[in-house]
Amino acid sequence: MGHPEATGPCGLPQGLYNVLGETFGDRHLEKGALPCCIVTTDMLTGCEYRIQSGPMVPALLASAAIPGVFPPVEFHGKYLVDGGITNHTPLTAALDLGATTIYVMPTGYSCALPTPPRTAMAIAMHALNLLIAQQLKDAVRFCRHQADIRVVPPPCPQTVSPYDFGRAGELIDTAEQLTHAWLENGGETTDGVPNQLPPHVHNDAKNPHGPHWH
């Protein structure tokens with residue numbers, strides 16, 4: 001049996017708390033050079049909760065509090081968890097706050113796995129990523145007439161399981177290269193949605209060419 005993660009102030013995950021603390025210290029959201037809104041979910045009510053003031057570290061921890069992985073964060077008198085539960089890519093929040101141009105950087109999903117994930121957690125995360133990608137596709141098409149929404153194509157094909165965190169650097173480098181190429185080619189999408197988001201199949205999971213789009 002694994003050991004529970006050490007906790008820091010107010011029960012916050014110690015490791016993540018330390019990483020964020022090194023970067024943001026005691027800075028507050030409302031004192032930044034640009035307006036910032038962090039979307040979370042009220043664990044008790046299931047309602048979307050937007051944080052626009054207060055210390056940055058607990059707000060970011062709340063946004064990262066994936067149920068089952070990190071505990072809820074008590075903040076602003078609420079128990080908050082990952083905003084993805086209620087609004088994974090909060091286009092509506094950006095529109096409500098007056099955004100006219102919105103950039104979305106999706107991570108994509110494991111579209112070229114040779115076999116299904118084996119563990120219960122990996123299967124659940126893979127299924128969740130499939131759901132999120134399709135929700136984002138529908139949300140962009142629904143909102144694209146209300147603002148200039150620019151969705152950066154995610155890495156594709158992806159053969160990395162969503163439960164494999166050991167190849168994060170590789171995925172980041174690939175995403176950077178693909179983004180540069182996309183920008184140089186004019187940032188083309190279909191109905192505002194990159195071809196890498198809708199369901200598709202690949203002829204060969206090891207070959208980055210030859211996908212069939214549905």
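Counting only protein heavy atoms and a 1.4 Å probe, the chain has 61 square angstrom of accessible area per residue. Adding -39500 (n - 2.57) for every DSSP H run of four residues or longer, then dividing by how many residues the chain holds, sets the calculated 222 nm ellipticity at -10000 deg cm²/dmol. On the accessible surface of the chain, probed at 1.4 Å, how many percent belong to carbon and sulfur atoms? Result for the chain: 58 percent of the exposed heavy-atom area is carbon or sulfur. Taken one residue at a time, the phi angles of the range 22-32 give Karplus couplings (6.51, -1.76, 1.60, θ = phi - 60°) of 5, 8, 10, x, 9, 5, 10, 4, 6, 9, x Hz. Gly and Pro are set to x. Here the chain is assigned +1 on the Cβ of each Lys and Arg and -1 on the Cβ of each Asp and Glu. Its dipole about the Cα centre then comes out at about 240 debye. Based on Cα contacts under 8 Å between residues 6+ apart, the chain shows a relative contact order of 15 percent. Note that the range 124-139 has calculated 3J(HN,Hα) couplings of 4, 5, 5, 4, 5, 5, 4, 5, 4, 4, 6, 5, 5, 4, 5, 5 Hz, one per residue in order, obtained from phi through the Karplus relation 6.51 cos²θ - 1.76 cosθ + 1.60 (θ = phi - 60°); glycine and proline are x. Protection proxy ranking, highest mean first, for peptides 60-69, 120-129, 172-181: 60-69, 120-129, 172-181, where packing is the per-residue count of other beta-carbon atoms within 10 Å, averaged.
The values are calculated or read from the model by the stated rules, or taken from the named source; none is laboratory data. If you're wondering where the values come from, they're calculated on a predicted model, not measured in any experiment. As a convention, Cβ positions derive from the backbone with ideal geometry for all residues, glycine included, and neighbour counts pool all protein chains shown. Surface accessibility is based on the protein's heavy atoms, side chains included, excluding ligands, DNA and RNA. Shrake-Rupley method; radii C 1.70, N 1.55, O 1.52, S 1.80 Å.
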